[in-house]
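Shown next, in structure tokens, is the structure this report addresses.
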Amino acid sequence: MRIIVCENYEEVSKKAAQMILSQVTLKPNSVLGLATGSTPIGMYENLVSLNKKGDIDFSEVRTFNLDEYYNLPKENDQSYHYFMYKNLFDHININPENIHIPNGMTDDVDAECERYDELIKEAGGVDIQVLGIGNNAHIGFNEPTINFEKGTHLVQLEDSTIEANSRFFDNIEDVPKKAITMGVGSIFKSKKIMLVATGENKAEAIYNTVYGKVVPEVPASILQFHSDIVLILDKEAAKFLK
Ligand code: F6R
């Protein structure tokens, strides 16, 4: 596990974008695993400006997002579809056919999860997976639980996650209670993983991820076993690491 501690959010965002830039430069048809949430927004801003300057070409890149709320229409401004187009896809030269996000409006959850896993497999697997981390150490929407889930599946969100995500909704009752997420197994299969975290409220989750026991109650702890993972943190998120 490599750990890079940055001065602030701007530096985290720049470093994370540079890693994607290197990946896509080396392999123009890379498969990127992408995350939503507030942390990667700065990274996406950097990628948009690199694309505008002609420094990164997304024309052959394929993307798979980690997760989507269940039963929230794509057009809803809190859906992860909406987020990804607003923060990245609408501003870069990506081929829309190469964008994949779980369909949270499916009538058949099992079929949708199977389809998503199959598409990742057909694409040759994820080359680099971008992750954020929840205050409870969730990755994707894999909440603390009693076993590590392998593939894409439907999850019930924890109260603490619903509360954390309510900052984006008018009121907490509007926050979806379920989501479709890649499993810890799918995440772990990525060739490379880059986890970004900033702020003091992530410090304990980061400490447990790096030094804690590998247990499904701390979903991100499994990352200790991955052979090519980098954490890009600001000083606050790294504050318990010595
Ligand atoms: C988002 C996702 C989540 C977030 C996590 C942190 O696609 O999978 O695991 O990465 O909840 O969110 P922020 O960055 O908003 O603190």
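The values are calculated or read from the model by the stated rules, or taken from the named source; none is laboratory data. Predicted model only: the values in this text are computed from it and were never measured. FYI the Cβ positions are ideal-geometry reconstructions off the backbone, even for glycines, and counts take in every protein chain you see.
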Select from region 196-223 the residues that are touching a Ser or Thr at 6+ places or on another chain (Cβ under 8 Å) and closer than 23 Å to residue 152 by Cβ and list them in ascending order. 196, 209, 214, 215, 216, 217, 218, 219, 220, 221, 223
Residue pairs meeting the criteria (Cβ under 8 Å; at least 6 apart or on separate chains; first within 10 Å of the ligand (Cβ to nearest atom), in region 128-146; second part of a loop (DSSP other than H, G, I, E, B) and among the charged types (D, E, K, R)): 134/143; 136/143; 136/158; 138/158; 142/149; 143/158
Kindly indicate whether residue 137 is at pLDDT 95 or above, buried (at least 18 other Cβ atoms within 10 Å of the Cβ) and more than 14 Å from residue 65 (Cα to Cα). yes
Scanning region 46-72 for residues that are under 20 Å from the mean Cα position of the chain (by Cα), more than 14 Å from the ligand (Cβ to nearest atom) and not charged (D, E, K, R), the one nearest to residue 156 (Cα to Cα) turns out to be 71
If residue 221 meets every condition in (1) within 29 Å of residue 119 (Cα to Cα); (2) part of a strand (DSSP E or B) apart from one, which number is that one? (2)
Within region 4-114, which strands (runs of 3 or more DSSP E) (wholly inside it) include 2 or more residues that are among the acidic types (Asp, Glu)? 67-69
Here the residues within region 11-23 that are surrounded by fewer than 23 Cβ atoms within 10 Å (Cβ to Cβ) and either in contact with a strand residue (DSSP E or B) (Cβ under 9 Å, 6 or more places away or on another chain) or touching a residue at least 40 places away in the same chain (Cβ under 8 Å) (or both) are 11, 14, 15, 19, 23
Right, residue 159: surrounded by fewer than 19 Cβ atoms within 10 Å (Cβ to Cβ), of a type in the set (Asp, Glu) and either within 15 Å of the ligand (Cβ to nearest atom) or closer than 27 Å to residue 242 by Cα (or both) or not? yes
How many residues, within region 190-213, are more than 15 Å from residue 229 (Cα to Cα) and near the ligand (Cβ under 9 Å from one of its atoms)? 4
Restricting attention to region 48-78, the residues that are in contact with a His (Cβ under 9 Å, 6 or more places away or on another chain) and within 18 Å of residue 193 (Cα to Cα) number exactly 4
So which of 74, 27, 52 is surrounded by fewer than 16 Cβ atoms within 10 Å (Cβ to Cβ) and in contact with an Asp or Glu (Cβ under 8 Å, 6 or more places away or on another chain)? 27
